[in-house]
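Novice: There's a structure below that I have some questions on.
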Amino acid sequence: MTQSLRALLASRGVRVHAVLTGPVDTDMTRTIDIPKASPESVARAIFDAVEKEEEDIFPDPMSQFVAEELAQQPGQDARTPAGGARASARHGIINSDLIGRWRQR
């Protein structure tokens with residue numbers, strides 16, 4: 001959908017960004033025992049990426065790690081519409097093994 005909106009709205013001068021975050025420290029995630037990014041750091045990273053005209057924004061350490069890991073898999077590119085983080089998450093490729101490797105780094 002993001003890619004379609006980008007194509008549809010580009011001629012009107014509208015930019016569409018996808019923000020793909022990892023866990024953020026909010027009331028909703030407070031009881032989950034994993035490292036989380038602060039809302040302030042995620043917001044800052046989003047604004048910085050928009051300023052740099054990045055289309056797909058991975059604003060925290062976990063989302064960056066997942067994007068890099070998925071990009072290394074054959075046939076995957078975390079920053080393209082056909083593959084990567086969005087498609088992989090949808091198909092269950094982001095699993096406990098990947099999360100475990102992120103925690104160990």
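The values are calculated or read from the model by the stated rules, or taken from the named source; none is laboratory data. It should be emphasised that the depicted structure is a prediction, and the values quoted were computed from it without experimental measurement. Don't worry about glycine lacking a Cβ; one is built from the backbone with ideal geometry, like all the others, and counts go over all protein chains shown.
Novice: Any residue in the stretch 45-56 that's without any contact (Cβ under 8 Å) to a residue 24 or more places away in the chain: show its pairings with residues that are buried (at least 17 other Cβ atoms within 10 Å of the Cβ) and assigned to a loop (DSSP other than H, G, I, E, B) at Cβ separation under 6 Å, as long as the two are six or more apart or on different chains.
Specialist: Within 6 Å, the pairs are Ala45/Pro59.
Novice: Then there is this: Among the numbered criteria (1) among the hydroxyl-bearing types (Ser, Thr, Tyr); (2) buried (at least 17 other Cβ atoms within 10 Å of the Cβ); (3) in a loop (DSSP other than H, G, I, E, B), which one does Thr29 miss?
Specialist: (2)
Novice: I'm checking my understanding of the structure. Among residues of the stretch 33-74 that are in contact with a Pro (Cβ under 7 Å, 6 or more places away or on another chain), aliphatic (A, V, I, L, M) and crowded, with 17+ Cβ neighbours inside 10 Å, which one is farthest from Thr2 (Cα to Cα)?
Specialist: Restricting attention to the stretch 33-74, the residues satisfying the condition of being in contact with a Pro (Cβ under 7 Å, 6 or more places away or on another chain) are 34, 36-37, 42, 45-46, 49, 62.
Filter once more, keeping what is aliphatic (A, V, I, L, M): 34, 37, 42, 45-46, 49, 62.
Subsequent filtering for residues that are crowded, with 17+ Cβ neighbours inside 10 Å retains 37, 42, 45-46, 49, 62.
Values: Ala37: 24, Val42: 20, Ala45: 19, Ile46: 16, Ala49: 16, Met62: 21 Å.
The selected residue is Ala37.
Novice: For Arg30, only one of the following conditions fails: (1) more than 22 Å from Leu5 (Cβ to Cβ); (2) touching an Asp or Glu at 6+ places or on another chain (Cβ under 9 Å); (3) modelled with pLDDT of 90 or more. What is its number?
Specialist: (2)
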